[in-house]
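In what follows, a single structure is set out as structure tokens and then discussed.
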Amino acid sequence: MSLAFRRRRIVAVAFCLLVLATITPGALPASESSPPREASLEYQIKAAFILNFAKFVEWPSISEKDPNLPLEILVLGTASIEDALLRTVRGQTVLGRQLSVREMSGADQVPACHILFISRSEAPRLDEILKQVRNRCVLTIGESAGFAEAGGVINFTTEDNKVRFEINPEAAEAAGLKISSKLLSLARIVKTGSRQGKN
């Protein structure tokens with residue numbers, strides 16, 4: 001076993017532990033008596049990933065603004081991830097900032113935010129949405145096939161019934177974001193307009 005492989009494995013284990021630690025008992029799967037919008041286990045896991053993604057990404061523009069302003073997460077579409085995100089980010093800070101979560105559906109214009117989660121319900125107008133935020137310092141995260149190839153930064157995928165993710169470094173650079181090499185080492189790397197990458 002090579003040293004590089006062992007280091008990558010250690011980083012992968014550490015990241016998974018971070019994600020698991022974020023899924024608190026209060027965010028366990030909903031019971032039958034829970035409201036219908038309660039998050040599924042899939043979205044609890046994705047919410048935990050999103051929080052930890054934020055810890056491995058740098059927004060150069062953030063340091064130029066009021067340090068008391070929150071790191072804003074916008075959910076665009078009809079995904080049932082908002083509740084899971086609200087529970088997951090409660091009491092958490094990234095770059096010394098609190099995190100805020102809001103949801104919008106059918107918005108013609110994407111408002112300012114730091115993290116934009118685009119649900120699969122928005123796949124038909126994905127190109128339009130990504131075009132709106134192309135020149136903004138926004139971490140775009142999706143869950144639709146071809147999201148990263150279309151210019152999204154991080155895309156959730158499912159392999160062997162497990163949530164995985166892929167990253168488009170070119171899209172991150174275009175957005176002015178700096179992604180940690182540790183996070184990149186755990187992802188499938190995707191290029192804009194291509195399905196070539198690594199596992």
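Just so it is clear, none of the values below were taken in a lab; they were calculated from the coordinates. Just so it is clear, the structure is predicted and the values come from calculations on it, not from any experiment. No Cβ is skipped: glycine too gets one built from the backbone with ideal geometry, and neighbour counts run over all protein chains shown.
Among the residues of segment 159-170, is any assigned to a helix (DSSP H, G or I), free of Cβ contacts under 8 Å to residues at least 60 places away in the same chain and under 20 Å from Leu74 (Cα atoms)? The answer is no, given that none of the residues of segment 159-170 is assigned to a helix (DSSP H, G or I), free of Cβ contacts under 8 Å to residues at least 60 places away in the same chain and under 20 Å from Leu74 (Cα atoms). Somewhere in segment 120-130, is a residue over 16 Å from the mean Cα position of the chain (by Cα) and assigned to a loop (DSSP other than H, G, I, E, B)? So far as segment 120-130 goes, no, none of its residues is over 16 Å from the mean Cα position of the chain (by Cα) and assigned to a loop (DSSP other than H, G, I, E, B).
Yes/no matrix, rows are residues, columns are (1) within 11 Å of the chain's Cα centre (by Cα); (2) of a type in the set (Asp, Glu); (3) buried (at least 20 other Cβ atoms within 10 Å of the Cβ):
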site	(1), (2), (3)
Gln44	no, no, yes
Glu72	no, yes, no
Ala84	no, no, yes
Pro111	no, no, no
Ile118	yes, no, yes
Arg134	no, no, no
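Looking only at residues in segment 147-173 that are loosely packed, with under 15 Cβ neighbours inside 10 Å and not polar (S, T, N, Q), the one that is farthest from Ile81 (Cα to Cα) is Glu173. For segment 176-197, state whether one or more residues are touching a residue at least 24 places away in the same chain (Cβ under 8 Å), closer than 28 Å to Gln44 by Cβ and in a helix (DSSP H, G or I). The answer is yes; a qualifying residue exists.
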